[in-house]
Structures are given as structure tokens and as C-alpha cells.
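Right, one structure below, let's go through it.
The values are calculated or read from the model by the stated rules, or taken from the named source; none is laboratory data. The model shown is predicted, which means the values in this text are computed figures rather than measured ones. Quick reminder, even Gly has a Cβ in these numbers, built from the backbone with ideal geometry, and neighbours come from all protein chains shown.
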Amino acid sequence: MPENKRAAKPAQKAARGFTDEEKAAMREAVREYRSGPKARKENGESDILAKISEMTASDRAMAERLHALVKAHAPSLTPRTWYGMPAYSKDDQVLVYFKAASKFKERYAMLGFSDEANLDDGHMWPVAYALTEMTKADEAKIAALLKRAVG
């Protein structure tokens, strides 16, 4: 039996830490937090539009459509970024956000709602939705979710 038991085990991959994309998102969150609520409110619209402009074509199309839906169906929400993603808040608490597929190299974009959203329905309900494209039917569902989330 070998003296070092670890040497006898098959080689294992090193523990996986945060990806470069996750580290970048955390740095963006710190920057957003340090800017303060007043700056988030004043710069929110331009910050979101800048982030959307950096997205791939398919992500950008969905993010632009979501932005228009929020403005039309939940105008009380304040646009801002959250971990570098387009988000919309109520009383400086993120209520809804859009995560581009390209942000973390995932196969689909995501529309997510925080626990601040009024979506409670029994003991279990969805708070995130995968998006590969946004049809008119999807837009109608999202509009209804936004209205319900704001309460």
C-alpha cells in the first residue's frame, strides 16, 4: 500500500472556482452597488441600453423587446443593471432581470424574477423562464407576468 493514499487515487480535476464570466459579473455588481441608489436611478436607462447593445444579435433582440414590454406594462419599475444584466427594480430592489445566453455561455437566455415579485402561487411557482426567442404569444405571457409581479 502506498504511503501517500492520495497518490493511489486516480487523478482528479482541480476544484472548479468561479468562471471568468462569473468574476466579471461580481465586479460589475460591486461597481453598481458603489454607485448608490441615486446614480442607479439616474443612469439606469442608459446603462441598460449600453448592456443591450453589447449582446449578440439574438440576445439583443429579446432584451430590446423585454425592455419595451417593461416600459409598456410595468412603467413603475426603474431600469438599472444588476450584475451587469438588464434589470428593473421597485424601491431599489430588483424585481425582474434578463440574463443573456452569451453572458455565461449558456444555451438559452433567461427571464428571471426575484423573491420581491408578487408571483406567489401556492407552495411552488416558477421564478425563471428560459428564452430561445420571443414570439407574440411569449410577449403576452411576459406582459401578464410583469403586471402580476409588480402587484
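Descriptive notes on the structure:
- Hits in the range 40-57 (condition: surrounded by fewer than 17 Cβ atoms within 10 Å (Cβ to Cβ) and assigned to a helix (DSSP H, G or I)): 41, 42, 43, 45, 46, 49, 50, 53, 57
- In the range 61-139, counting only strands (runs of 3 or more DSSP E) that sit wholly within it, the ones holding 3 or more residues that are at negative phi and among the hydrophobic types (A, V, I, L, M, F, W, C) span 93-99, 109-113, 128-131.
- Residue 150 surrounded by 20 or more Cβ atoms within 10 Å (Cβ to Cβ) and of a type outside the set (D, E, K, R): no
- Among residues of the range 76-87, those that are within 14 Å of residue 39 (Cα to Cα) and in contact with a Pro (Cβ under 8 Å, 6 or more places away or on another chain), counted: 1
- A count restricted to the range 59-100 and to residues that are at pLDDT 95 or above and more than 23 Å from residue 144 (Cα to Cα) stands at 0.
- One residue alone among 35, 53, 46 is under 22 Å from residue 23 (Cα atoms), modelled with pLDDT under 95 and not charged (D, E, K, R), and that residue is 35.
- So residue 28, is it under 17 Å from residue 92 (Cα atoms), modelled with pLDDT of 85 or more, surrounded by 11 or more Cβ atoms within 10 Å (Cβ to Cβ) and within 15 Å of the chain's Cα centre (by Cα): yes
- Count - residues of the range 78-126 that are farther than 12 Å from residue 63 by Cβ, free of Cβ contacts under 8 Å to residues at least 24 places away in the same chain, surrounded by fewer than 21 Cβ atoms within 10 Å (Cβ to Cβ) and under 13 Å from the mean Cα position of the chain (by Cα): 3
- Test: residue in the range 42-61 that is touching a Lys or Arg at 6+ places or on another chain (Cβ under 7 Å), in contact (Cβ under 8 Å) with a residue 40 or more places away in the chain and of a type in the set (D, E, K, R): no
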